[in-house]
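Heads up: the structure comes next, in structure tokens.
Values quoted throughout were computed directly from the atomic coordinates according to the rules given, and no laboratory measurement underlies them. Quick caveat: nothing in here was measured; it's all calculated off a predicted structure. Glycine also receives a Cβ, built like all others from the backbone with ideal geometry; neighbour counts cover every protein chain displayed.
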Amino acid sequence: MKPAPFAYLRPSTLEEALAALAGEQGAKVLAGGQSLVPLLNMRLAAPSMLVDINALPDLGHVRVAEDGVRVGALARHAEVLASAEAAHAQPLLGMALSHVAHPTIRNRGTTVGSIVHADAAAEMPMVLRLLEGSVDVASVRGRRTVPAAELFAGPLESTLGHDEIAVQAFFPGLAPGAGVAFQEIARRHGDYALVGVAAHVETEGDAVTRARLGFVSVSDVPTVVDVTDALDDPAGTALTELEPADDIHATAAYRAHLVRVLAPRVLAAATDHARSRAG
Ligand code: FAD
């Protein structure tokens, strides 16, 4: 199918892009287009205007600092994945990004666009939530920082206003004594996960002081469950908060089974990772 007609603007400054969004209620941001263009072609979205942000300056960075990794709105998944410094500061980025789609899509799709798209079947919204990161947002009304815990409103729905552009995502670095792991089951590598599970574990000596799991494709919104008090049965606790559903790819029962298989495995791997980093 072909999209419904829309106006197209390719501004060269952030101010111009923000003014266009503020002036047109039905406008949408176009970043990598890897999710939006299929939606347009299937007529599941019909914006009156596309504001293409690809010509905006200074948004392509993958910047590593002491506190973590800052990813600009025009940094492609492939660029984040290729950054050895980013992987060193926060290993979960590379672990999860290698499962995001295929190289051609990662070459164009942006990590920030994936987060704003807020798909509970996507890896990076869950990763941002598990790491307790945030998104910096700009509009003609000013700038604000949205913590990941306040970013996801519903299926494919973020809390950003129609006039806002996410300019950067912040992924905190991995603290000393912490470890991470990620595994997913997909029909083919790079397909959307039937189920994906990430773990973030904090340790002091031999003791696990905090353990959290993030889930892909088993809820309507990116979901994180604290399993610090359920280290012997993380899946049982998680399944009380998750909502595995039937679709054409898998049954709810199979998804729950995968949660039971992956949750303890990933928790153990993150605990080993934390201990190996401790020395
Ligand atoms: P776009 O498609 O341009 O935009 C997506 C949405 O976000 C739109 O609503 C747009 O208005 C909004 N938006 C984008 N950027 C901004 C911004 N900076 N500020 C405000 N709003 C913004 N993803 C996965 O996570 N895992 C997968 O396994 C996976 N497999 C895929 C397989 C295929 C065949 C395809 C086509 C895509 C797949 N994707 C997958 C999606 C891919 O990761 C996209 O890159 C990502 O979802 C969206 O990024 P984008 O830059 O292409 O955003």
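Calculate, axis by axis, the spread of Cα positions in the range 1-60 along the three principal axes, and write the results as whole Å, longest axis first.
Between the extreme Cα coordinates on each principal axis of the range 1-60 lie 34, 25, 12 Å.
What is the packing order of peptides 240-249, 187-196, 168-177, 54-63, taking the mean over residues of other C-beta atoms within 10 Å and listing the highest first?
Descending mean neighbour count gives 168-177, 187-196, 54-63, 240-249.
Could you state the orientation-averaged shadow area of the convex hull built on the Cα atoms of the range 1-174, in nm² to one decimal?
9.3 nm²
Using only C-alpha positions, report the orientation-averaged shadow area of the convex hull of the range 178-278, nm², one decimal.
Taking the Cα atoms of the range 178-278, their convex hull projects to 6.2 nm² on average.
Using Cα springs under 10 Å in a Gaussian network model of the chain, which residue among Ala199, Ala122, Ala256 shows the largest mean-square fluctuation?
Ala256
Can you tell me the 0 to 90 degree angle between the C-alpha axis of helix 252-278 and the longest principal axis of the chain, rounded to 10?
Between the helix axis and the principal axis of the chain, the angle is about 70 degrees.
Taking the range 12-73, which GluC sites (Glu not before Pro) meet the DSSP loop condition and have no more than 10 other C-beta atoms within 10 Å?
Answer in residue order: Glu66.
From the residues Thr13, Ala153, Ala169, which one has its Cα farthest along the dipole of the chain in the positive direction, the dipole being from +1 and -1 charges on Cβ of Lys/Arg and Asp/Glu about the Cα centre?
Of the options given, the answer is Thr13.
Determine the relative contact order of the chain: mean sequence separation of Cα pairs under 8 Å and six or more apart, normalised by residue count, in whole percent.
Normalised by residue count, the contact order of the chain is 16 percent.
So how long is each side of the range 159-208 along the principal axes, counting just the alpha-carbon atoms, biggest first, in Å?
48, 31, 15
Over the chain, what is the percentage of antiparallel beta bridges among all DSSP beta bridges, to the nearest 5?
Once the DSSP bridges in the chain are tallied, antiparallel ones form about 85 percent.
Among residues other than Thr203 whose Cβ falls under 15 Å from its Cβ, what is the net charge (Lys/Arg +1, Asp/Glu -1)?
Result for the neighbourhood of Thr203: 0.
Using only Cα atoms, find the angle between the long axis of helix 14-23 and the longest principal axis of the chain, and express it within 0 to 90 degrees, rounded to the nearest 10.
Rounded to the nearest ten degrees, it is 80.
Of Gly26, Gly214, Gly94, which is the most mobile in a GNM of the chain whose springs link Cα atoms less than 10 angstrom apart?
Of Gly26, Gly214, Gly94, the most mobile in the Gaussian network model is Gly26.
So what are the ³J(HN,Hα) numbers for the range 208-225, from phi and the Karplus equation (6.51, -1.76, 1.60; θ = phi - 60°), rounded to whole Hz, Gly and Pro as x?
8, 9, 7, 9, 9, 10, x, 10, 10, 6, 10, 6, 7, 10, x, 10, 10, 10
His88 to Ser276: extension gain in nm, 0.36 nm per residue of separation minus the Cα-Cα distance?
Between His88 and Ser276, full extension yields 66.3 nm more.
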